[in-house]
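Okay, structure first, notes after.
The values are calculated or read from the model by the stated rules, or taken from the named source; none is laboratory data. Since the structure is predicted, the reported quantities are computational estimates derived from the model, not experimental observations. Note that we place each Cβ from the backbone using ideal geometry, even for glycine, and neighbour counts take in every protein chain shown. These accessible areas exclude ligands, DNA and RNA; they are computed on the full protein's heavy atoms, side chains included. Shrake-Rupley method; radii C 1.70, N 1.55, O 1.52, S 1.80 Å.
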Amino acid sequence: MSSKAIQNSIIADPKLAPEGHLKIDWVEAHMPVLNRVRKQFEAEQPFKGLKVTISLHLEAKTAYLAKVVQAGGAEVTITGSNPLSTQDDVCAALVEDGVTVYAKYNPEPEEYKALLIKALETKPDLIIDDGGDLVTILHSERTDLLENVRGGAEETTTGILRLKAMDKEGQLKFPMVAVNDAYCKYLFDNRYGTGQSVWDGINRTTNLVVAGKTVVVVGYGWCGKGVAMRAKGLGANVVVTEVDAIKAVEAVMDGFQVMPMLEAAKIGDFFITVTGNRDVIRGEHYDVMKDGAILSNAGHFDVEVNKPELAERSVSVRTVRRNIEEYHLKDGRKMYLLAEGRLVNLAAGDGHPAEIMDMTFALQALSLKYVNDRYKEIGKTVVNVPYELDEQVARFKLESLGVSIDALSDEQRAYLDSWQEH
Ligand SMILES: NC(=O)c1ccc[n+]([C@@H]2O[C@H](COP(=O)([O-])OP(=O)(O)OC[C@H]3O[C@@H](n4cnc5c(N)ncnc54)[C@H](O)[C@@H]3O)[C@@H](O)[C@H]2O)c1
């Protein structure tokens, strides 16, 4: 037990640690790929003497990633990446394990920001970010904390969009690896992880039937595809809204109805936004929605469902179940917003299954090692996860599943590489 972690950490309640340890043990048993990375790190100590600051949804899988980075020799500090996704028992357990934690469930907005800044005041050598909060602070109000940063890795679509915008303007001060854009991330985490965990969050929160209802999925990217696929499996009539013509054709071919949001708003029972964009459900949509419509978001920030415009139309708001707010509209209709419009799978659930985060977090850990090994040659830009690392994670996953695949023969490889052979 590190006294430094105990002294410095800011958490809700250290006494919750036993429950947190049980949660971390459970995910560890279901993350075989990350376990292999841990063994590799224990032997090689790639982060020996380095400080790593992590901002991720602070639940058990993330805690285990922090322990793996720590096993690689790093002094690890961690904070949340959303006020409602931090689990206090997990924080308490991590502190006992020697990780410095600055995070609490549902802090006030100013305190949430202050905790992120605290986590950076260690002046880290490496960072793991989710949605770009750490990078934004380091490039705006606290550039004084930049000096040691060699580089980092970004977890999600929204964060990568921001990084690419900074990169384009030549503003980025260190290299960042775009973990989200690796095959072993978005194909599984965004699609199957979000697909399953969003429904887990909605079902456990509402305890209502999905079969026979109309589910509107706003955005048919990797997350939207998963959410729509699982809605279909639950027996819903699925409607997709899009702004991208190619994704819209894909949704049609996958068997879903596609229409503008203003039309979908009239018929939906459940709405799930997964666009990474703002105001995709807004005033004009509330005006035509059915009484009892259930609104939720699984995109990174709580800007997809426009809350001020919902509040403007309401005479009162009350909490009717944990994570459900009832907006009583002036015309008598009621609308229900889950988890304050924050990511429903994390704020009202436990996030993605451990077996999915096994691949994502193995990529995170290996990307952090990659950027530490190569930060000088990469330069101050956004880079993809090297294909070899992506493939290594897939191979480890297959091995853990007991699945074998074929290998190309020399003749086949020559055939594929040639333009002359027929
Ligand atoms: N909840 C989670 O656990 C989780 C996991 C991974 C990613 N995310 C977040 O989810 C969001 C989506 O990620 P993704 O990987 O699916 O991104 P993506 O880029 O693959 O898909 C987003 C889709 O939304 C569409 N879109 C944009 N504006 C729209 C609008 N006004 N109406 C309808 N569609 C619109 C885009 O055309 C695109 O097809 C991001 O914010 C990402 O960070 C959340």
For Ile267: the one exception among (1) among the hydrophobic types (A, V, I, L, M, F, W, C); (2) more than 19 Å from the chain's Cα centre (by Cα); (3) within 11 Å of the ligand (Cβ to nearest atom): (3)
Residues of region 191-236 satisfying the condition of being within 9 Å of the ligand (Cβ to nearest atom) and surrounded by fewer than 24 Cβ atoms within 10 Å (Cβ to Cβ): Arg191, Gly221, Trp222
Number of positions in region 163-182 that are within 15 Å of the chain's Cα centre (by Cα) and without any contact (Cβ under 8 Å) to a residue 40 or more places away in the chain: 1
Residue tally, condition crowded, with 19+ Cβ neighbours inside 10 Å, over 17 Å from Glu325 (Cα atoms) and without any contact (Cβ under 8 Å) to a residue 40 or more places away in the chain, over region 262-310: 1
Check on Gln364, within 16 Å of the ligand (Cβ to nearest atom) and either farther than 29 Å from Pro83 by Cβ or touching a residue at least 12 places away in the same chain (Cβ under 8 Å) (or both): yes
Unmet criterion (only one of (1) buried (at least 16 other Cβ atoms within 10 Å of the Cβ); (2) within 9 Å of the ligand (Cβ to nearest atom)) for Asp244: (1)
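Please state which one of Thr122, Thr100, Thr77 is of a type in the set (S, T, N, Q), in contact with a Lys or Arg (Cβ under 8 Å, 6 or more places away or on another chain) and surrounded by fewer than 21 Cβ atoms within 10 Å (Cβ to Cβ). Please lay out each step first, then the result.
On the way: Thr100 fails: surrounded by fewer than 21 Cβ atoms within 10 Å (Cβ to Cβ); Thr77 fails: surrounded by fewer than 21 Cβ atoms within 10 Å (Cβ to Cβ).
The conditions single out Thr122.
Return the residue satisfying two criteria in turn: it lies in region 41-58 and is outside any helix (DSSP H, G or I), open to solvent by 10 Å² or more (accessible area, probe 1.4 Å) and in contact with a Gly (Cβ under 9 Å, 6 or more places away or on another chain), and of such residues it is nearest to Thr360 (Cα to Cα).
Ranking the qualifying residues of region 41-58, first place goes to His57.
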Residue match in region 163-179 (condition: under 15 Å from Trp222 (Cα atoms), within 12 Å of the ligand (Cβ to nearest atom) and open to solvent by 10 Å² or more (accessible area, probe 1.4 Å)): no
Wholly within region 298-413, helices (runs of 4 or more DSSP H) carrying at least 1 residues that are modelled with pLDDT under 95: 344-347
